[in-house]
1. Across segment B:179-286, what fraction of all alpha-carbon pairs, as a whole percent, falls in each successive 5 Å bin from zero upward?
2. Work out how far the C-alpha atoms of segment A:588-747 reach from end to end along every principal axis, then list the three figures in whole Å, largest first.
3. So how far apart, in nm, are the two label points at A:Thr692 and B:Arg151 if each is 7 Å from Cα heading toward Cβ?
4. If you bin every alpha carbon distance in segment A:357-503 into 5 Å steps from zero, what whole percent lands in each bin?
5. If I model the protein assembly as shown as equal point scatterers sitting on the Cα atoms and use the Debye formula, what is log10 I(q)/I(0) at q = 0.05, 0.08, 0.09 Å⁻¹?
6. What 222 nm value per residue comes from the helices of the protein assembly as shown, counting each DSSP H run with n ≥ 4 as -39,500 (n - 2.57) and dividing by all residues, nearest 500 deg cm²/dmol?
7. Calculate the mean, over all residues of peptide B:261-268, of how many other protein chain Cβ atoms lie within 10 angstrom of the residue's Cβ.
8. A:Arg95 versus B:His103, label points 7 Å from Cα toward the beta carbon: distance in nm?
Amino acid sequence: MIGARIPRVEDARFLRGEGRYVADIRVPFAVEAHLIRSPHAHARLRAIDIRAAMALPGVEAIVTGEDLPADLPPIPCRIPTHGDLEPFLQFPLARAVVRYVGEPVAVIVARDRATAEDAADSLVVDYEPLPAVASADAARAAGAPQLFAAGNIAAEWDFDIGKVDAALAAAAAVVRETFTVQRHTGVPLETRGLLAAYDRARGVLEIHGPTKVPHTNRATLADMLRMPHSEIRMIEPDVGGSFGVRGEFYPEDFLIPWLALRLRRPVRWIEDRVEHFAAINHSRESRFEVTAAADASGRLLAFDVRLVSDLGAYIRTHGAVVPSHASASFPGPYRIRNYRVQATAVLTNKTPSGTLRAPGMFEANFARERAIDLLAGKLGIDPLEVRRRNLIGPGEMPWFVGTESVRRPTVFDSGDFPDIFARTVAELGWDKAPAPAPEGAIRRGRGVALLVEPSALGPFEGGRVEIDADGNVEVVTGATSQGQGHETTLAQVVAEVLRVPIERIRVRHGDTALIPHGGGTYASRAAVMAGASLFEAAQKVRAKAIRAAAEKLEVAETDLELRDGRIEVTGVPGRGLALGAIARMLSPGNPELLRPPKETLIADNEGLAAVAYVRAVPSGTSVFAVHAAEVAVDIETGQIKVERYVVGCDVGRALNPAIVEGQIVGGVVQGIGGTLLEELVYDEFGQLQSGTLADYLLPSVHEVPAITALVFERVRSPTNPLGVKGVGEVGPSGVAAAIGNAVAQALGGGARISALPITPERVLSAAAKRGQP
Amino acid sequence: MKPAPFDYVAPIALHDAIALLERHGDEARPLAGGQSLVPMMAARLARPTVIVDLNRIVGLSGIVVDREAVRIGAMTRQAEALAAADLSAALPLLAQALAEVGHPATRARGTIGGSLAHADPAAELPVAMMALDAVLTISGPNGERRVPADRFFAGAFETAVKTGELLTEIRIPAVGSEGHAFLEIARRKGDFAVISAAVRLRLADDGRCDAVRIVLGGVAGAPVRCTESEERLLGERPGSGLLAAAAGRIPADAIELHSHHASRGYRRDVAPVLVRRALTLAAARAGAPGLGVPAP
């Protein structure tokens, strides 16, 4: 079962249009919420006159910041990294000041969305516009408008490992380049939504729509509402993608439940795409000033990095995690003993930001791998050879980078990097095929990127396995699913232990009422953490069943084996018990349990069920990956065609190779979007210019090549019983780096490909400047 | 994204539609395929109070191909036109342009007339229609009038259609033996063009060019006819040097459009490349020898 390439069990309902997303759920008496958002990037919010809007028939209520409790705390930052981020947190509705276009200032509740939007036309909001800062440089300039009393700098930190200055002085080759990564985001196919209803009879506030970390979100909401956790239930429906941006705690995650309590009616909010672009976490916007040095043989001596990260107008739940990861992981899979980074997280009048798939890694990999190619060019050494000479070897594991992120040291737990590199390079066949010659205006190039992707971070996970009287298995996990196929892979883990066919296993996820504590799905942790917890729970169930069967059949436990949903005496077919029969035996209502010994307390009262919680792996698991791109560049128009893309990575153990490959391929497509097409463009006044799908360009099937995912199971992770490593973010992580290197090689002449996205205009500019210093 | 309140009428006779549009003036909008209007209404960028649905009116769609001309009803779906074999055979340039218009889903509803009347500066069909010397029939309260394509497109989203009028038919004179090309640069397949070029080129028996049309799209409010480039070619035998020289004469000053997807500078730099490639392709298709394999 583990390792089987079975089709995903969840796909049948998705493909038939039978999924149940939050917008599909209807409850009687529900009203619709519509958030009114600031059109100014920076302004004093003087007054809101709701009278004309309230007069419209069908409008139930209009609330502003003044209607919220005066002592309501802001939305917390839940991931500590660097600095004191408290002064920069966001309240669910703006009070005296608005700080980004899209910031919620009021909520209109009406019988339907159209009525609410009609009412919005009559809402009078008195803003006094203030000067805005729309870039990190503008925010740090002398005399710049300050977003907060505490200023525009959220945090600054640094690492200083080894002797960087000495290494730079002794180097045979030094390159200096500034790399910029554009602001972009995750763009799930389904926008956000919430349906909150307070059941007065049972005293439960039930919320459909949360995802990613519902238990954590419940705790945050309970604190903000001053309600017991046990009175809030969050239920994850089917979810159309997240990529990290959906499922964090946003202003709406407080407002909608709060309104349901206040209005004593169910309240529904379905985000539309235009508001999504201004409201969802943005990410990745950063600048790396890199100095990289090597000796004459191509040995990398030092990296010296100045990192400036633009986090938007507020610190949200993820704080400064993105630049934190970037600064900690910059050295990559190489033996770097001298590394210095100075990092600054800056606030600007733009949508706040958070994590996006491969957070900080996509950016750092681009800057580092481009710098390595520049060094290789300067030294006249083949870029693959430079990498080969610097890769950390298997005998050096675990490797301590010397940095930390989220208060944990950056450690590579295991892996044979040179072996995976060699196997992937062999598959590429570049040594056998010479670099293609120019063809008219077309220039072809090849590029690679090597990286280590951390996964399985986060404190714990829990799971429950129960076999019922019919032998069906119900699995409950604290993890969630946004399309990764967890209903399949986690069932495979349980099937492997219990020897029950997949069809008889159902996985439930994301419901705080079904399991009291849950870690959630992020940082590619579900296969490792949810998998490990369910592995342990299933082992407990198996042990329990064998013990009960041994007692009933009066044989030794060692004489029994588990097969096809039955426990049988080895070598005696027909002498055994079905798992369902054992479940019936163990259920508290079973009369047999009430016979001697005559104790009132029914020990072991859960039936054939078990729960297991597992602790985190402090520094997670590490997946080594090789990305390789072949591109064709039209040097007269600047257009780029990616002709071939290969990813080779060591996942330790693949629970379902088809799903692993799918994760990688989908991730590469997302990475191509971030490398060539996607950008959240702001003008200097903080106005979002690319806030619709007409302007924000997502890749389609036409923009991507055939993508090959080479999934190796070379070194099992020592951190968990399954030996699995989390692979979900490997796909996008190296794409900008590999394609950037390929385009630079196609253009030749030391072309500077240093800014993302790599647009046709940037290609023409780089081509024109070849040979210039 | 819900539209502001509006009234909806679906007449079955053309004269009723025209009467409604005339009566309500700027408050009314006609609805053809809806692929441009409806998203604008959803975003409340357009707020017509009356929608006059044209989809029930009989006789406004259809393709008639004869020896003299091709006539296309304005309500003909783009998908239908793309699938019409006789249209592709008679007007391969139009078929190539249609293949670049949006995606199969939008072409299923979008209409030929709707795209032309909307006149987005980046649209492909206006460029093709100008290159093909199309004549557009506008119906209004005072009857019909015919406007040639090069006077129909006045600027960005501006045409010769006045309030109370409707574009009802497009007539394209038959093309003889000639070469053609429609090329486009867009950020993604199916997007509006950053630059598009439609070229027709005819060679006389002696191999000299005796007729040529070069039209650029995506560079200004309306498509730009490159008459200086055309004049450079007339009477000459097309060779790669001549074609490059002709492409170099496109009016740079007429290239004005600027967006974060492509700056004005990019369009000015790359438009000659696109025109050169389209001329090469068209000339080769017209039978000019020795032009080599044109770049994709």
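1. 2, 14, 26, 24, 15, 10, 5, 2, 0, 0
2. On the principal axes, segment A:588-747 reaches 89, 44, 30 Å in Cα extent.
3. 3.3 nm
4. 1, 6, 11, 13, 14, 12, 11, 10, 8, 6, 4, 2, 1, 0, 0
5. Cα-only, vacuum Debye calculation for the protein assembly as shown: -0.38, -0.95, -1.15.
6. Per the formula, -8000 deg cm²/dmol.
7. 3
8. Spacing of the two 7 Å Cα→Cβ label points: 4.5 nm.
The values are calculated or read from the model by the stated rules, or taken from the named source; none is laboratory data. As the structure is a computational prediction, the values presented were derived from the model and not from experiment. Ideal geometry is used to build each Cβ from the backbone, glycine not excepted, and the neighbour counts take in all protein chains shown. Just so you know, the surface numbers come from the protein's heavy atoms only, side chains and all, with ligands and any DNA or RNA stripped out. Shrake-Rupley method; radii C 1.70, N 1.55, O 1.52, S 1.80 Å.
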